[in-house]
Amino acid sequence: GPLPLTSVLVTERVILGGRAVAYGGKLRERGGRKEKVNVFNYDVQFNNARDSPVEIVAHSWEVVDAEGGREVIAEGPGAGGSLGKQVRALAAGDAFRVQGELTSLTAEANAQGTYKVIIKGEDNAFREIDVRTDWMGLAVSSEQTHVPNFVADPSLSS
């Protein structure tokens with residue numbers, strides 16, 4: 001079904017909201033050849049609704065284009081995007097935003113961000129969890145807000 005332009009998901013009281021908008025196009029080099037890609041800017045906000053601080057230690061963004069091609073666009077240590085490899089601590093009750101760039105070979109696509117977050121559990125031990133955005137629609141046209149009949153995970157289709 002249609003995927004929204006915005007997303008809000010809660011994982012163990014860490015709230016991640018995001019949206020992505022079309023920005024333009026550029027050339028990138030892959031395997032010795034240049035290809036035109038569509039560029040989208042994302043903006044996500046983390047809210048820590050826990051009673052203790054959390055740390056965002058790694059990030060990964062996956063884009064699935066309109067032809068079903070999957071690509072991990074950005075991944076690595078830290079919060080990524082405008083914060084680069086910086087690990088971001090977030091006090092209980094605090095929030096922060098990070099912006100970055102996604103690319104797709106097609107004018108419409110869907111994207112999901114996954115962040116590795118360290119939390120303190122009930123037993124006071126630290127553990128790592130995955131905090132995700134929901135799948136978000138990317139569209140060059142302002143009228144197109146989703147990829148029709150798109151299934152983010154093929155195992156969910158009947």
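Annotations
- When the criteria are applied in full, residue 29 fails the requirement of being acidic (Asp, Glu), surrounded by 12 or more Cβ atoms within 10 Å (Cβ to Cβ) and assigned to a strand (DSSP E or B).
- Segment 41-61, subset out of contact with any Ser or Thr (no Cβ under 7 Å at 6 or more places or on another chain), buried (at least 16 other Cβ atoms within 10 Å of the Cβ) and among the hydrophobic types (A, V, I, L, M, F, W, C), residue nearest to residue 137 (Cα to Cα): 61
- The set of residues in segment 25-57 that are of a type in the set (A, V, I, L, M) and under 17 Å from the mean Cα position of the chain (by Cα) comprises 39, 44, 56, 57.
- Residue that is farthest from residue 16 (Cα to Cα) [pool: residues in segment 129-153 that are hydroxyl-bearing (Ser, Thr, Tyr) and at pLDDT 50 or above]: 141
- Among the residues of segment 10-21, those that are buried (at least 18 other Cβ atoms within 10 Å of the Cβ) and of a type in the set (A, V, I, L, M, F, W, C) comprise 14, 16, 20.
- Test for residue 52: is it of a type outside the set (A, V, I, L, M), closer than 18 Å to residue 135 by Cα and modelled with pLDDT of 90 or more: no
- Only one of 94, 65 that is among the acidic types (Asp, Glu), out of contact with any Cys (no Cβ under 7 Å at 6 or more places or on another chain) and at pLDDT below 95: 65
- Some residue of segment 79-88 being assigned to a strand (DSSP E or B), more than 12 Å from the chain's Cα centre (by Cα) and surrounded by fewer than 16 Cβ atoms within 10 Å (Cβ to Cβ): no
The values are calculated or read from the model by the stated rules, or taken from the named source; none is laboratory data. All values reported here derive from a predicted model rather than from experimental measurement. Methodologically, a virtual Cβ is constructed for each residue, glycine included, from the backbone with ideal geometry; neighbour enumeration extends over all protein chains shown.
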